[in-house]
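Engineer: Okay, handing you the structure first.
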Amino acid sequence: MATSRQKKNQVETPIDNRETFTSLSKNLNDSESSMETKLRTLYNIQQTDIKIDRIHLLRGELPEEVRDLEDAIEGLRTRISNIKNDVAEIEKLVAQKRLDIENCKDAIAKYEEQRSNVKNNREYDSLSKEIEYQGLEKELAEKRIRENTALLSDKKADLERATEDLAGREVDLENKKAELVAIIEETSKEEETLLKQKEALAEGIDARTMAAYDKVRLNARNRLAVVTVKRDACGGCFNKIPPQRRLDIALSKKLIVCEYCGRIIVSPEFEEE
């Protein structure tokens, strides 16, 4: 009963996403044998992640290029739609101005006919002003037609260029997608095997350590969180390691963290094995 009561009262230490190997090493209670096993497991997880990263490197920038092309195509389609709307509006305006010109011509003809039958100067002057006004309206409508016809020509040229650009981008996108699919199909089985392998290895590591591993790996330029000693230096940042720390690393009884880059440093024997 006492044992079950103790289990109920146990509270797991929550994972702190800000935690690093340095802070974690101060709170470890692993025995020497379990520490060596943990270090070997972390090193194997790192090696598995390196292989997964190589697969992603093989895919290169294709996923990003595909996304960029998709965004560019969407932008071109929006632009083409806007140009088509502009063309329709301009054509509608030109048609209206042509109708206005015909109306002006009809009005001028009507006023001229009326002016030929007037009986006094006041009516004659009034009709003359109307004829002059309709003439000005006709000239203004013709000017608007010339301006909008030139604008319409520019818009149609833009539409043609954008349509050609869209067709070219769509071909590029299909080629990039086909290339990406081919690479994914070629490497998907290997990646799936490696992910399962990493998952199995991670079961032997507590959640806090894995959280610290992921954080260090995410922030590292070369995505290495666990490195070996290289020429008496850290294999991650290449800063020299004092002799006593190299001895501790070789014994694999402690979690040794590089004071410069925060990576775990393990024995070179792990790499040889």
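Engineer: Identify the single condition in (1) in the same structural domain as I50 (by TED's automatic domain parsing); (2) modelled with pLDDT of 95 or more; (3) basic (K, R) that R223 does not satisfy, given that it satisfies every other one.
Structural biologist: (2)
Engineer: Given the conditions (1) surrounded by 14 or more Cβ atoms within 10 Å (Cβ to Cβ); (2) without any contact (Cβ under 8 Å) to a residue 12 or more places away in the chain; (3) assigned to a helix (DSSP H, G or I), report the number of the one that E132 does not fulfil.
Structural biologist: Only one criterion in (1) surrounded by 14 or more Cβ atoms within 10 Å (Cβ to Cβ); (2) without any contact (Cβ under 8 Å) to a residue 12 or more places away in the chain; (3) assigned to a helix (DSSP H, G or I) is unmet by E132, namely (1).
Engineer: For segment 238-255, enumerate the residues that are over 40 Å from the mean Cα position of the chain (by Cα) and either in a helix (DSSP H, G or I) or of a type in the set (F, W, Y) (or both).
Structural biologist: Answer for segment 238-255, where residues must be over 40 Å from the mean Cα position of the chain (by Cα) and either in a helix (DSSP H, G or I) or of a type in the set (F, W, Y) (or both): P243, Q244, R245, R246, L247, D248, I249, A250, L251.
Engineer: I would also like to ask the following. Looking only at residues in segment 205-223 that are over 15 Å from L255 (Cβ atoms) and not charged (D, E, K, R), which one is surrounded by the most Cβ atoms within 10 Å (Cβ to Cβ)?
Structural biologist: So, considering only residues that are over 15 Å from L255 (Cβ atoms) and not charged (D, E, K, R), the one surrounded by the most Cβ atoms within 10 Å (Cβ to Cβ) is A220.
Engineer: Restricting attention to segment 220-232, which residues are free of Cβ contacts under 8 Å to residues at least 24 places away in the same chain and of a type in the set (S, T, N, Q)?
Structural biologist: Answer for segment 220-232, where residues must be free of Cβ contacts under 8 Å to residues at least 24 places away in the same chain and of a type in the set (S, T, N, Q): just N222.
Engineer: Could you list, in sequence order, the residues of segment 257-273 that are aromatic (F, W, Y) and under 36 Å from the mean Cα position of the chain (by Cα)?
Structural biologist: Of everything in segment 257-273, just one residue is aromatic (F, W, Y) and under 36 Å from the mean Cα position of the chain (by Cα), namely Y260.
Engineer: Every residue in segment 195-212 that is at pLDDT below 90, part of a helix (DSSP H, G or I) and not aliphatic (A, V, I, L, M), please.
Structural biologist: Passing the criteria: R208, T209.
Per-residue answers, yes or no, for (1) part of a helix (DSSP H, G or I); (2) of a type in the set (S, T, Y):
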{"site": "N175", "(1), (2)": "yes, no"}
{"site": "I184", "(1), (2)": "yes, no"}
{"site": "E190", "(1), (2)": "yes, no"}
{"site": "T193", "(1), (2)": "yes, yes"}
{"site": "R217", "(1), (2)": "yes, no"}
{"site": "T228", "(1), (2)": "no, yes"}
{"site": "G236", "(1), (2)": "no, no"}
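Engineer: Go through N44, N85 for me and flag whichever is modelled with pLDDT of 55 or more and either among the β-branched types (V, I, T) or out of contact with any helix residue (DSSP H, G or I) (no Cβ under 9 Å at 6 or more places or on another chain) (or both).
Structural biologist: N85
The values are calculated or read from the model by the stated rules, or taken from the named source; none is laboratory data. All figures in this text were calculated on a predicted structure; none of them were measured in a lab. Please note: Cβ atoms are built from the backbone with ideal geometry, for glycine as well, and neighbour counts cover all protein chains shown.
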